[in-house]
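Below is one structure, written out as structure tokens; the observations come after it.
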Amino acid sequence: MDTAAPLMQVQGLSVAAGGPGGRVVQQGLNFEVLRGEVLGVAGASGSGKSTLLRHLAGLDVPAAGQVLLAGQDLNQGSEATQAALRRRMGVMFQAGALWSSRTLGDNLTLPLKLFTPLPRAAREERARFLLALVGLDGAFGQMPAQLSGGMRKRAALARALVLEPELLLLDEPGSGLDPMNAARLDELVLNLRHHLNCSVVMVTHDVASLFNVATRALYLDENEHTMTAIGAPHHLLQHGPEPVRLFLQRGAPA
Ligand SMILES: Nc1ncnc2c1ncn2[C@@H]1O[C@H](COP(=O)(O)OP(=O)(O)OP(=O)(O)O)[C@@H](O)[C@H]1O
Ligand SMILES: [Mg+2]
């Protein structure tokens, strides 16, 4: 494996809301996700961050352009080929989306049962390991409804990690959390990168979180309908275009 090559390449990408026939919300997107980085995706509400994330996950088909994971187009080849590519990524949606009628243990072990040859004991061991990693030791038998909002977020994160993704895609992981728990989640994302050696794309409009965890950030401008900046958050705060500087100034560290 060429470890210097970017993990993901986004080339001339246009994304439409609600599928390829819908309104194009972002176009002309060109960027890479480097191995080991946490790439933040910022922009105003409605600028298209979640729509972009769905395209990076291979869940929506681009209106134009392509997304490559380790050199392979997410939307080319047989359905089995594409599904195998998608499974190399872990996704945490904005709403968290655990199976509400299943225990946390089931939430984590079912993907392993479906997609790996691991025997039951090993599946449970991995699920317990990940729950412990996100601070939910002992919650294996609990139902999502028994958890607080912050615990559900962390459980969704654990589930996104269960198939050992090379790339973790997170949509507003800290939203709805109080500042303490949001900061804990940031720390968790940084730790995961170290312990599990995966790259992360994190959508957020929490500027403090961008400064805490993002190696680089890209900015989706809702008026220009394209990305107007990419770089280290501190660099963009000083040298980015004005709308980006204003966006970042709201939550820049003092
Ligand atoms: N399934 C859909 N069908 C039609 N329009 C949609 C759909 N999903 C999103 N949109 C529209 O696409 C635009 C971008 O939405 P998106 O959810 O990607 O924004 P966002 O940047 O993630 O916003 P937020 O910060 O509020 O989460 C919005 O105008 C939204 O109304
Ligand atoms: Mg969103």
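One table, with the values for the structure above:
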item: Verdict on residue 22 being at positive phi, in a loop (DSSP other than H, G, I, E, B) and either of a type outside the set (A, V, I, L, M) or modelled with pLDDT of 95 or more (or both); result: no
item: Matching residues in region 42-66 - criterion: being at negative phi and within 11 Å of ligand 1 (Cβ to nearest atom); result: 42, 44, 45, 47, 49, 50, 51, 52, 53, 54, 55, 60
item: Spans of strands (runs of 3 or more DSSP E) in region 151-248 with at least 3 residues within 13 Å of the chain's Cα centre (by Cα); result: 167-171, 199-203
item: Residue match in region 198-218 (condition: of a type in the set (Phe, Trp, Tyr) and within 16 Å of ligand 1 (Cβ to nearest atom)); result: no
item: Count of residues meeting criterion [aliphatic (A, V, I, L, M) and more than 16 Å from ligand 2 (Cβ to nearest atom)] in region 212-226; result: 2
item: Contacts under 6 angstrom Cβ, first residue in region 123-134 being part of a loop (DSSP other than H, G, I, E, B), partner of a type in the set (Gly, Ala, Ser), 6 or more apart; result: 134/158
item: Counted residues, region 67-83 - those being under 18 Å from the mean Cα position of the chain (by Cα) and either on the phi > 0 side of the Ramachandran plot or surrounded by 13 or more Cβ atoms within 10 Å (Cβ to Cβ) (or both); result: 5
item: Selection count where residues are in contact (Cβ under 8 Å) with a residue 60 or more places away in the chain, within 17 Å of residue 173 (Cβ to Cβ) and either within 13 Å of ligand 2 (Cβ to nearest atom) or not assigned by TED's automatic domain parsing to the domain that holds residue 221 (or both), scope region 32-55; result: 8
item: Residue count for region 1-19, restricted to those that are under 20 Å from the mean Cα position of the chain (by Cα) and outside any loop (DSSP other than H, G, I, E, B); result: 8
item: Test for residue 190: is it within 16 Å of ligand 2 (Cβ to nearest atom) and under 30 Å from residue 117 (Cα atoms); result: no
item: Looking only at region 16-41, and only at residues there that are of a type in the set (A, V, I, L, M, F, W, C) and near ligand 1 (Cβ under 8 Å from one of its atoms), the one that is farthest from residue 85 (Cα to Cα); result: 25
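Yes/no per residue for (1) crowded, with 19+ Cβ neighbours inside 10 Å; (2) of a type in the set (D, E, K, R); (3) in contact with a helix residue (DSSP H, G or I) (Cβ under 7 Å, 6 or more places away or on another chain):
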site	(1), (2), (3)
114	no, no, no
145	no, no, no
153	yes, yes, yes
156	yes, no, no
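Condition check ((1) at pLDDT 85 or above; (2) farther than 27 Å from residue 51 by Cβ; (3) among the β-branched types (Val, Ile, Thr); (4) assigned by TED's automatic domain parsing to the domain that holds residue 211) across all residues:
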residue	(1), (2), (3), (4)
105	yes, yes, no, no
120	yes, yes, no, no
126	yes, yes, no, no
154	yes, no, no, no
160	yes, no, no, no
170	yes, no, no, yes
189	yes, no, yes, no
193	no, no, no, no
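The values are calculated or read from the model by the stated rules, or taken from the named source; none is laboratory data. Keep in mind that this is a model prediction, so the values were computed, not measured. When we count neighbours, we look across all protein chains shown, and the Cβ atoms used for this are built from the backbone with ideal geometry, even at glycine.
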